[in-house]
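This report concerns only the one structure given below.
FYI, it's all coordinate maths here, none of it is from the lab. Bear in mind the structure is a predicted one, so any value in this text is a computation, not a measurement. Cβ: placed from backbone, ideal geometry, glycine included. Neighbour counts: every protein chain shown.
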Amino acid sequence: MTTDLHSETPATPLLSVRTVEKSFPGVRALSGVSFDAVRGEVHALLGENGAGKSTLIKIVSGVFPPDRGEVLVDGKPVDLARPDDARRAGIATIYQELLLFPELTVAENIFMGHAPRANLRRIDWRAMHEKTNALLASLEIHDLQADRVVGSLSVGNRQRVEILRALSQDARILIMDEPTAALTEYDVTRLFDIVRKLKARGVAVIYISHRLDEIFAIADRVTVLRDGAHVATKRVADTDAAELVQLMVGRRIESLFPKIAVSIGKPVLEVKDLERRPLTRSVSLTVRAGEIVGLAGLVGSGRSELAQTIFGVTPADNGEIRITGQKVDIRSPAQARSLGVAYVPEDRGTQGLVRPMTVRENFSLAALGKVAFGGFIDRGAERKLAGDGVRRFAVKASSIEQIAGKLSGGNQQKIVLGKWLANAPKLLILDEPTRGIDVGAKAEIHRLMGELAAQGLAILMISSELPEVLGMSDRVLVMREGRIVAEFSREEATQESIGAAMMGSHENAEEAA
Amino acid sequence: MSEIPLPHSAKRVVPWWLLRHETMLALILLVALIVLGYLNNRFLTLDNLLNQGRLTTEVGLIALPMTFIIITGGIDLSVGSIVGLCAILLGYSWKVFGFPLPLAICFSLLVGAAAGFLNGIVITRVKVPPLIMTIATLALYRGLAEGISQARSVRGYPEWFYFIGQDNLFGVPAQLWLLLISIVVAAIVLDRTTFGRTLYAIGNNETAARFSGLPVDRVKLIIYTLSGFMAGLSACVLVSRVTTTRSDMGMGYELDVIAAVVLGGTSIFGGVGTIWGTVVGLAMIQLLKNGLALTGVKGDATIVVIGTVLILSTLVASSLQRRREGV
């Protein structure tokens, strides 16, 4: 089976995207992606975080225009400059965060912006209710009343309201972005029933999900994106979980990662049955001196939450943390810091850096105790700390008095890293340490990690980038739904094995093999 | 994502200190002084200026912790009501409870601090926005003051008590010394200590401050408590100056205080501000009021002028901000 299925699809697909390209400052989000969907088909979109799925959807739903390429509906090119254009072309999108008015009723939400009118442009409430009931009946939804207030509905029912809203606008192409992320199992079954009914009516459904089992349950075809490029389009019947995982993650690992062989020492961090609901569930792990432990998992699997629980931002409800063998009860970041724990957070702009402040002030922020005596800041010591940091991490700034927010992402990240290393920590937790920074700075941060580990620092690295996890880690842990579900040694770890554990398609993959 | 350092000093024609809000404001103040002095020969006299210092002390004492609070991105609207409550409790505990006056003063300062502490604890623990919390206590504390006083005023304090409000020390109004010392201490704390740095960090990015292990909640609790305490101190000075205690004392102070702080260049969004700016803002408002009154401008016209000055200074501040950010 080849990746080209155009010959098998009917003459004109309902929706067709042709060689679409889109770049954002510093990032190439999509490079020449083509994709189509035919009447009565469920077409799944699959890819890692950052593969370009969201960008593709946003182009199709008119959030922003592509740089190059075109979108065709019924074989005719359409100009989707605004979301309203997409609506008129019959394209409706249901985002993860539902866009409803919680204070209004089901009927009002469905007909928001296109309510039936009586004379004098008054809203025709009778007609609105009748139409709502007709829509409900057409999808055989019996437990939803037109006059219920949306805020009182379950997530599953709210989603049904969104679907009805799309149908009330005669949508022929329905895009669903991870529709099952917040649903209970029962609601998922009901959602699938509705999707099948829509299919029977000739609606084309574009279905985005991380859950492979869902794709096998509902989709007809699946398109895999990777790094903004189209990798393959397959009939679901002709593929299996193992193949899809491989298609998704199948990059070759660049030899970019200078992993230095380090003798691994005593445990620095020992976590036992750590609990902080909902996203830290009975987590146990150990990180030793000189060891880099990679923590892989999908977005929302609870990795950052685990890190923040260890760091005291969201203190644990239950369980045990030991730092160099000592049992500790960490209740605040300040306490974690004094115990030798450092955390370089995921979101540099909001959690890591005080952007309007200077490089000097940012460098000393987590180490004020080191440059202050009796509460008074010694400016000379502070300047020296910042100056040393700038040199050690090769931060490219015009001076230590430059505003940190004006530096490039890579340099900002070096400052966040540097401010924590000024405290000489024993354990360094890195949350997506190289996200959104350029290749050069990335390599420098990797080199630095290697050096730090060689000096005996214990490093726990959260990363969504599998090559980074594989390249840097001595050991890889995989999280899913708040639990650690798999552990691989450096030798055992492969993209496929980690990817399968992340997706929870372990069993599927084995069955298929 | 270029790594090229920005051309930093290339565009700068005007020296940086001249572009600072405080400097600009001080220059405007100077011009206003000269013009008002020219229009009225009673304005630019040492006596008049010192007397204006006396009158501005009560607002000034509260403006210092308010600068701290606004730098963190917060606000305290209850200060005027705390002044009223403290003034009433000072008189009431002396007259009705029969406390010796020094003890009554301490008691009222303590109540002021407690009132601020309550604001702080609810803001940090329950995460009620400062605006909401202090609007609520603005009503609550004023209501308490009125309930306790039952519209009766307290007078007839012993002679020594009037020293702080009415006498001079080394030729300068006694309360002005209190204000000057407070200004110096507040300026050093804000500029030189880890506490001051923490205030700026909170105002610029509270999450990052927390993630850096700074004691965000403790610092907030301290500044709201300090704000209440200084309002109590202001109440003592006020009672001493006007020799009587009434429950409507300090009414509307919150607006005078916030106007002075914001006029002095402290950003209402937090992260930016200095004590020096607040001092210039205070001087500006008080001297404009006085100078205009002496020149024969009516009271309501004075308020119009002050409102206009506030708007203009905000425009200057935002254009400076844009310049700094290079947009």
*asked:* Going by average Cβ density within 10 Å per residue, which order do the peptides A:160-173, B:194-207 take, highest to lowest?
replied: B:194-207, A:160-173
*Formal net charge of residues neighbouring A:R158 (Cβ-Cβ distance under 14 Å; K, R +1; D, E -1)*: -2
*asked:* Taking θ = phi - 60°, what integer Hz values does the Karplus form 6.51 cos²θ - 1.76 cosθ + 1.60 yield along region A:233-241, in sequence order, with x for Gly and Pro?
replied: 10, 10, 6, 4, 5, 9, 10, 9, 4
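Would you please classify the overall shape of region A:336-459 from the alpha carbon gyration tensor, given that a ≥ b ≥ c denote the square roots of the eigenvalues, rounded means a/c under 1.5, and beyond that prolate means a/b larger than b/c while oblate covers the rest? Walk me through the numbers before you get to the answer.
Working: a/c = 1.61, a/b = 1.15, b/c = 1.40.
In terms of gyration-tensor shape, oblate.
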*With a/c under 1.5 counting as rounded, go ahead and sort region A:258-358 into rounded, prolate or oblate using the C-alpha gyration tensor (a ≥ b ≥ c being the square roots of the eigenvalues; past the cut-off, prolate if a/b is larger than b/c, else oblate).*
rounded
*Cβ under 13 Å from B:V59's Cβ, B:V59 left aside: what net charge do those residues give with Lys, Arg +1 and Asp, Glu -1?*
0
*FRET efficiency, 1/(1 + (r/R0)^6) with R0 56 Å, evaluated for B:V31 and B:R125 via beta carbons*: 0.75
*Give me a single rounded figure for A:357-367: the average over its residues of other chain Cβ atoms within 10 Å of their Cβ.*
3
*Given H placed 1.01 Å from N in the peptide plane, which residues other than close sequence neighbours of A:V485 have an amide H under 5 Å from its amide H?*
A:V478, A:M479, A:R480
_Run the helix sum for chain A: -39,500 (n - 2.57) per DSSP H stretch of 4+ residues, divided by residue count, reported at 222 nm to the nearest 500 deg cm²/dmol._
-9500 deg cm²/dmol
*asked:* Using only Cα atoms and rounding to the nearest 10 degrees, what angle (0 to 90) does helix A:155-168 make with the longest principal axis of chain A?
replied: 50
*Helix B:21-39 vs. chain B, principal-axis angle (Cα, 0 to 90°, nearest 10)*: 60
_Neighbour-count order for B:S267, B:S153, fewest beta carbons within 10 angstrom listed first_ = B:S153, B:S267
_region B:307-316 - phi-based ³J(HN,Hα) in whole Hz, Karplus 6.51/-1.76/1.60, Gly and Pro as x_ = x, 5, 4, 4, 5, 4, 5, 5, 5, 4
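Can you classify region B:41-180 as rounded, prolate or oblate using the Cα gyration tensor, where a ≥ b ≥ c are the square roots of its eigenvalues, rounded means a/c under 1.5, and otherwise it's prolate if a/b beats b/c and oblate if not?
Oblate.
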*Within the set of other residues whose C-beta is less than 9 Å from the C-beta of A:Q412, count the net charge using Lys and Arg as +1 and Asp and Glu as -1.*
+3
*How far is helix B:194-204 tilted off the main Cα axis of chain B, in degrees rounded to 10, range 0 to 90?*
70
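Suppose only helical runs count, i.e. DSSP H with n ≥ 4. What mean residue ellipticity at 222 nm does that imply for chain B under -39500 (n - 2.57) per run, divided by all residues and rounded to the nearest 500 deg cm²/dmol?
-23500 deg cm²/dmol
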*List the residues whose amide H sits under 5 Å from the amide H of B:V154, counting only those 5 or more places along or on another chain, with H placed 1.01 Å from N in the peptide plane.*
B:T245
*Arrange A:F311, A:F64, B:F269 by Cβ neighbour counts within 10 Å, fewest through most, would you?*
B:F269, A:F64, A:F311
*Residue-wise HN-Hα coupling along region A:128-142, computed from phi with Karplus coefficients 6.51, -1.76, 1.60 (Hz; x: Gly, Pro)*: 4, 5, 4, 5, 4, 4, 5, 5, 4, 5, 5, 9, 6, 9, 10
*asked:* To make sure I understand, if each residue's beta carbon is the centre and we count other beta carbons within 10 Å, what order do B:W276, B:W94, A:W125 fall in, fewest to most?
replied: A:W125, B:W276, B:W94
*Mind checking the mean number of beta-carbon atoms from other chains within 10 Å of the Cβ atoms in A:347-356?*
5
